[in-house]
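One structure below.
The values are calculated or read from the model by the stated rules, or taken from the named source; none is laboratory data. This structure is a prediction, so every number in the text was calculated from the model and none was measured. Reconstructed Cβ throughout: ideal geometry from the backbone, glycine too, with neighbour counts over all protein chains shown. SASA here: full protein model, heavy atoms, side chains in, ligands and nucleic acids out. Shrake-Rupley method; radii C 1.70, N 1.55, O 1.52, S 1.80 Å.
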Amino acid sequence: QIVTFLWRAMGKPAPTTTENPFVDVTEDNFFYEAVLWAYENGITTGVDATHFNPTGECNRAQAVTFLWRALGEPESTADVDFTDVQPGQFYSAPVAWAFEKGITNGMGDGTFGVLESCNRAQVVTFLYRALAPR
């Protein structure tokens, strides 16, 4: 769902590729174009070389990383004090950027909630805070 939300928020750009690397994503899926677009733009690589796992849960680290990649991997100078965000992880720079830009304040207990499931309300909030004119 997050990839579809993100794709729609970005204007539903048509993927230029018709090569689908994922055996668990088919043309009759509502998210087919969104997944192809995200894959060809480096927003996601799937869970492995041939699987996207469309029914799997997306955690907060993955959600913020997808958004950060879709926006061109913007730089951040923020120092993040979330106890569950360690330097050098795939999500470290995206979380720092999201914190710096006011997209997230974390879970309120000193954590970002890296492994917490990112529910639909959180996804929409991240998208709104990142994309709404200010």
Quiz item: Can you give me the relative contact order of region 26-134 as a percent, contacts being Cα pairs under 8 Å and 6 or more apart?
Solution: 26
Quiz item: Got a number for the accessible area of D48? Probe 1.4 Å, square angstrom, nearest 10.
Solution: 70
Practice problem: Compute the distance in nm between two label points, each set 7 Å from the Cα along the Cα-to-Cβ direction, one at A49 and one at V124. | Solution: 4.0
Practice problem: Give me the net charge of G110's neighbourhood, meaning all other residues with Cβ under 9 Å from the Cβ of G110; Lys, Arg count +1, Asp, Glu -1. | Solution: -3
Exercise. Kindly report, to the nearest 10 Å², the accessible surface of Y39 as traced by a 1.4 Å probe over protein heavy atoms only.
Key: 90
Quiz prompt | Sequence ranges 76-88, 112-124, 55-67, ranked by mean other-Cβ count within 10 angstrom, highest first | solution = 55-67, 112-124, 76-88
Exercise. Can you send over the solvent-accessible area of M10, 1.4 Å probe, protein chains only, in Å² to the nearest 10?
Key: 70
Practice problem: For region 1-110, restrict the atom set to alpha-carbon positions and state the Rg and Dmax in Å. | Solution: 14.8, 44
Exercise. Can you grab the distance from the C-alpha centre of region 33-89 to the C-alpha centre of region 98-115, Å, no decimals?
Key: 15
Exercise. Identify the residues of region 45-80 with backbone N under 13 Å of a label point that sits 7 angstrom from the Cα of Q1 along the Cα-to-Cβ direction, or state none.
Key: 55-59
Practice problem: Might you tell me the accessible area per residue for the chain, computed with a 1.4 Å probe and given in Å²? | Solution: 57
Exercise. Could you please state how large a percent of the accessible area of the chain is carbon and sulfur, counting protein chains only and using a 1.4 Å probe?
Key: 49
Practice problem: Calculate the dipole size of region 1-107 relative to its Cα centre from +1 charges on Lys and Arg beta carbons and -1 charges on Asp and Glu beta carbons; express the result in debye to the nearest 20. | Solution: 280
Quiz item: Across all directions of projection, what mean area in square nanometres is found for the Cα convex hull of region 29-73?
Solution: 3.3
Quiz prompt | Karplus-derived 3J(HN,Hα), 6.51/-1.76/1.60, for each residue of region 46-55, Hz, glycine and proline x | solution = x, 8, 7, 4, 10, 10, 9, 6, x, 9
Self-check item: Pair L115, E19: separation of 7 Å Cα→Cβ label points (nm)
Solution: 3.6
